[in-house]
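Here's the structure, in structure tokens; my notes come after.
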Amino acid sequence: MSEKLRWALLSTARINNALINALRQAKRSALVAVASRDLARGQAYAQEKGIPQVYGSYEALLADPAIDVIYISLPNALHAEWTIKAAEAGKHVLCEKPLVTSIEELNRVEAATIVHGVTVFEAFMYLHHPQTFKVKEMIQAGRLGHLQLINSWFNFYLPAVDAQNVRLSPNLVGGSAWDVGVYPNSLSIVMSGGTAPIEVWADQIPGESGIDVAMRAQLKFANRVVAQVSSGFRTAFRQAAYLVGDEGTLYLPEPWKPGEAGQDSQIFFSAFDGSEEILTVPAISPYLCEVEAMEACLLDGAAPVVPLSLSREFLRSMLATYESAQSGQVVKL
């Protein structure tokens with residue numbers, strides 16, 4: 001492998017834009033190719049984005065030995081299939097969340113990484129950001145005392161008339177929880193200790209196509225931490241996270257994309273004695289952080305920030321959330 005990772009985009013999805021910007025900033029990565037099933041569309045996209053190489057099929061991209069890392073931004077239902085095919089072609093993979101939507105798919109992805117000796121991780125950009133590391137460090141240092149409660153949410157408005165949006169497609173595994181609910185779900189797991197909850201209760205609001213346009217869930221962990229999380233497509237944009245302990249509280253106004261707009265991010269700490277502190281985290285794109293994490297894995301031998309073992313815990317919780325929402329019962333893991 002060269003001193004720079006050679007990246008390629010598998011699809012021309014809009015979500016690529018954030019990663020393209022990050023790859024342009026990264027010192028040890030280069031964006032060299034894009035693939036589209038429509039060659040003309042791929043050529044137009046490559047010209048617009050300044051990408052040198054275009055492939056008229058995903059298979060042609062994976063067959064190119066000059067590519068090191070594939071970024072997969074396809075609809076949810078296609079993540080497992082193309083992650084496995086990329087691994088079988090010897091490519092490392094950064095795959096958009098959710099990496100998979102079933103345990104069977106995750107088992108197959110994990111097996112492919114072992115057999116073919118590649119690195120695959122889920123693109124939870126915020127988990128790679130210094131703000132998240134700082135919050136985790138404060139919890140582990142006991143600044144909050146015993147962590148008791150996590151409240152977090154991620155919502156935005158997606159009009160019902162936008163019926164062609166993949167987020168609303170049941171065939172492509174759409175739904176607010178799979179789209180943005182995975183963020184508060186994963187935050188709760190990481191901050192409470194790294195394992196899935198032992199009990200999940202959830203309620204959903206189904207939309208016009210049958211998928212959830214809102215999901216509300218409560219997660220109970222073995223250490224008695226309780227997380228209340230929500231996601232949705234039918235409210236104005238809302239995001240935040242509160243982490244509450246018996247000695248202090250942390251408030252994150254921008255938990256998911258800190259620093260992305262070029263501004264410093266802030267963590268607000270309130271102690272039980274009434275004292276307050278604002279911690280400032282210098283601006284850096286969370287997408288650049290995840291690109292640099294892949295560089296560290298492949299060029300320096302570092303362990304992934306989001307290993308497949310952690311993605312398994314995220315998935316177990318998400319599957320329990322959907323099971324509870326559909327059954328109306330508490331699900332015990």
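The values are calculated or read from the model by the stated rules, or taken from the named source; none is laboratory data. Note that the structure is predicted; figures quoted are calculated from it, not measured. In this analysis, Cβ positions are derived from the backbone assuming ideal geometry, glycine residues included, and neighbour counts consider all displayed protein chains.
Listed values, structure above:
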quantity: Those residues of segment 113-134 which are of a type in the set (A, V, I, L, M, F, W, C) and closer than 21 Å to LEU5 by Cα, in sequence order; calculated: ILE114, VAL118, VAL120, PHE121, ALA123, PHE124, MET125
quantity: Residue list for segment 120-150, restricted to those being at positive phi and under 20 Å from the mean Cα position of the chain (by Cα); calculated: none
quantity: Residue in segment 294-311 that is surrounded by 14 or more Cβ atoms within 10 Å (Cβ to Cβ), of a type in the set (Gly, Ala, Ser), touching a strand residue (DSSP E or B) at 6+ places or on another chain (Cβ under 6 Å) and closer than 28 Å to LYS4 by Cα present; calculated: yes
quantity: Among residues of segment 197-243, those that are in a strand (DSSP E or B) and either of a type in the set (A, V, I, L, M, F, W, C) or surrounded by fewer than 24 Cβ atoms within 10 Å (Cβ to Cβ) (or both), counted; calculated: 31
quantity: Segment 87-116: number of residues that are aliphatic (A, V, I, L, M), surrounded by fewer than 24 Cβ atoms within 10 Å (Cβ to Cβ) and part of a loop (DSSP other than H, G, I, E, B); calculated: 1
quantity: Members of segment 162-208 that are of a type in the set (Asp, Glu) and closer than 27 Å to THR132 by Cα; calculated: ASP179, GLU199
quantity: Checklist (1) over 18 Å from CYS95 (Cα atoms); (2) assigned to a loop (DSSP other than H, G, I, E, B) applied to ALA13, failing item; calculated: (1)
quantity: Residues satisfying the stated conditions in segment 16-57, i.e. over 24 Å from TYR126 (Cβ atoms), part of a helix (DSSP H, G or I) and without any contact (Cβ under 8 Å) to a residue 12 or more places away in the chain; calculated: ALA40, GLN43, ALA44, GLN47, GLU48
quantity: Criterion: touching a Gly at 6+ places or on another chain (Cβ under 7 Å) and either more than 30 Å from ASP203 (Cβ to Cβ) or not in a helix (DSSP H, G or I) (or both) - qualifying residue of ALA261, ALA283; calculated: ALA283
quantity: Qualifying residue in segment 141-154 (condition: touching a Lys or Arg at 6+ places or on another chain (Cβ under 8 Å), farther than 20 Å from THR235 by Cβ and modelled with pLDDT of 95 or more); calculated: yes
quantity: Verdict on ALA60 being touching a residue at least 60 places away in the same chain (Cβ under 8 Å) and outside any strand (DSSP E or B); calculated: no
quantity: From the options ALA33, ALA63, residue that is over 29 Å from PRO170 (Cβ atoms), of a type outside the set (Asp, Glu) and surrounded by fewer than 20 Cβ atoms within 10 Å (Cβ to Cβ); calculated: ALA63
quantity: Of all residues making up segment 286-320, the number that are touching a residue at least 60 places away in the same chain (Cβ under 8 Å) and not in a helix (DSSP H, G or I); calculated: 4
quantity: Close pairs (9 angstrom Cβ cut-off, 6 or more residues apart or separate chains): touching a residue at least 40 places away in the same chain (Cβ under 8 Å) and charged (D, E, K, R) in segment 173-195, part of a loop (DSSP other than H, G, I, E, B) and surrounded by fewer than 24 Cβ atoms within 10 Å (Cβ to Cβ) anywhere; calculated: ASP179/LYS97; ASP179/LEU158
quantity: Subset tally (residues that are within 18 Å of THR132 (Cα to Cα) and not aliphatic (A, V, I, L, M)) for segment 283-311; calculated: 9
quantity: Condition check for ILE84: in contact (Cβ under 8 Å) with a residue 12 or more places away in the chain and either over 15 Å from THR113 (Cα atoms) or assigned to a helix (DSSP H, G or I) (or both); calculated: yes
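Residue by residue, here is whether (1) of a type in the set (Val, Ile, Thr); (2) over 27 Å from PRO282 (Cα atoms); (3) modelled with pLDDT of 95 or more holds:
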{"site": "LEU94", "(1), (2), (3)": "no, no, yes"}
{"site": "GLU104", "(1), (2), (3)": "no, yes, yes"}
{"site": "ALA111", "(1), (2), (3)": "no, yes, yes"}
{"site": "GLN131", "(1), (2), (3)": "no, no, yes"}
{"site": "LYS134", "(1), (2), (3)": "no, no, yes"}
{"site": "SER169", "(1), (2), (3)": "no, yes, no"}
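Let's see how each residue does on (1) over 26 Å from CYS95 (Cα atoms); (2) touching a residue at least 12 places away in the same chain (Cβ under 8 Å); (3) buried (at least 20 other Cβ atoms within 10 Å of the Cβ):
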residue: TRP256; (1), (2), (3): no, yes, yes
residue: GLY262; (1), (2), (3): no, yes, no
residue: GLN266; (1), (2), (3): yes, yes, no
residue: GLU276; (1), (2), (3): yes, no, no
